[in-house]
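The values are calculated or read from the model by the stated rules, or taken from the named source; none is laboratory data. From a predicted model like this one, the values you see are computed outputs, not experimental measurements. FYI the Cβ positions are ideal-geometry reconstructions off the backbone, even for glycines, and counts take in every protein chain you see. We work out accessible area using only protein heavy atoms, side chains counted, and drop any ligands, DNA or RNA first. Shrake-Rupley method; radii C 1.70, N 1.55, O 1.52, S 1.80 Å.
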Amino acid sequence: MTPTRVTAERPLAVIGAMPEEVAPLLAAARDPLEEGEGPYRWHRATLDGVPVLIAACGIGKVNAAALTQALLGAGAAAVLFTGVAGGVDPGLRVGDLVVARDAVQHDVDVTPLGYDEGQVPGEPPVWAAEPGLRDLVADAAAEVAAVEGVRLVVGRVASGDAFVADPVRVADLRRRFAASCAEMEGAAVAQVCARWGVPWSIVRSVSDTADNDASVDFLAFTEVAARRAVAVVRGTLRRLA
Ligand code: ADE
């Protein structure tokens, strides 16, 4: 399915981990209607002329996977994940942008049984983003990067259930996975979407560089960085409308 097939019946799901990562989208949405299933909640709305489901999933891979499944059940035709990340590519600075070319779960290790590092048995070694939606998001991100004077990397998003705040771990993620950034949800969304054959994309803005200062920087820069990723989401919506 291509992302251009987004309709009222098959909206685009836009997910962030923390409420502040999707709050600007919700504030701009037209006619938001709260819906849900069991403990999961989202808003059905129109944003920039595109039918959307907007939700915050909570932190971590399990939360991300569970909400993604619920949103696919609610009819999502594609999923776009927005938020902040720790920069792993040494060229990335706070505020720069990363769009996923692919995603990997860096905390998975079944190598003793012959699988690649990060590979979940029965799944590919990494999940490749669907090119159509990836290029649309990358185009929107390139525009935001040019306007705001920041860098854009289209690269590998490494997800795991850990807040990375150690330069040794950063070097390890770079060496083992050629990761561009570290975060805690994207590859879980990718895994669920890939199972269903639904396009997914991830856009992240760098809130910290996952080093010894990461927790301080994360608190200081998350709001600004999250808004930059949201600007990319809205640029993507305008391209889909
Ligand atoms: N999200 C933002 N910064 C992060 C980090 N350093 N590690 C994991 N997830 C993050």
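Ignoring ligands, DNA and RNA, what percent of the accessible area of the range 12-240 is carbon or sulfur (1.4 Å)?
Accessible surface attributable to carbon and sulfur in the range 12-240 totals 54 percent.
Please state, as a whole number in µm²/s, the translational diffusion coefficient that the Stokes-Einstein equation yields for the chain at 4 °C and 1.567 mPa s, with Rh defined as the Kirkwood radius across alpha carbon pairs.
75
Measure off 7 Å from each Cα along the Cα-to-Cβ vector at ARG176 and ASP107, then give the distance between these two points in nanometres to one decimal.
It is 1.2 nm.
Most fluctuating residue of VAL104, VAL120, VAL216 in a GNM of the chain with Cα springs under 10 Å: which is it?
Residue with maximal mean-square fluctuation among VAL104, VAL120, VAL216: VAL216.
Could you work out how far apart the two model spin labels at LEU33 and GLU117 are, taking each label as a point 7 Å from the Cα in the direction of the beta carbon, and quote it in nm?
4.8
I'd like to know how the range 80-213 sits against the 2.2 N^0.38 Å rule of thumb: what's its Cα Rg over that expected value?
1.00
Once you charge only the Cβ atoms, +1 for Lys and Arg and -1 for Asp and Glu, what is the size of the charge dipole of the chain about its Cα centre, to the nearest 20 debye?
Here the chain has a charge dipole of around 600 debye.
For the range 30-67 and the range 135-191, compute the distance between their C-alpha centroids and round to whole Å.
So the separation of the two Cα centres works out to 22 Å.
Could you do me a favour and compute the accessible area per residue for the range 12-240, 1.4 Å probe, result in Å²?
39
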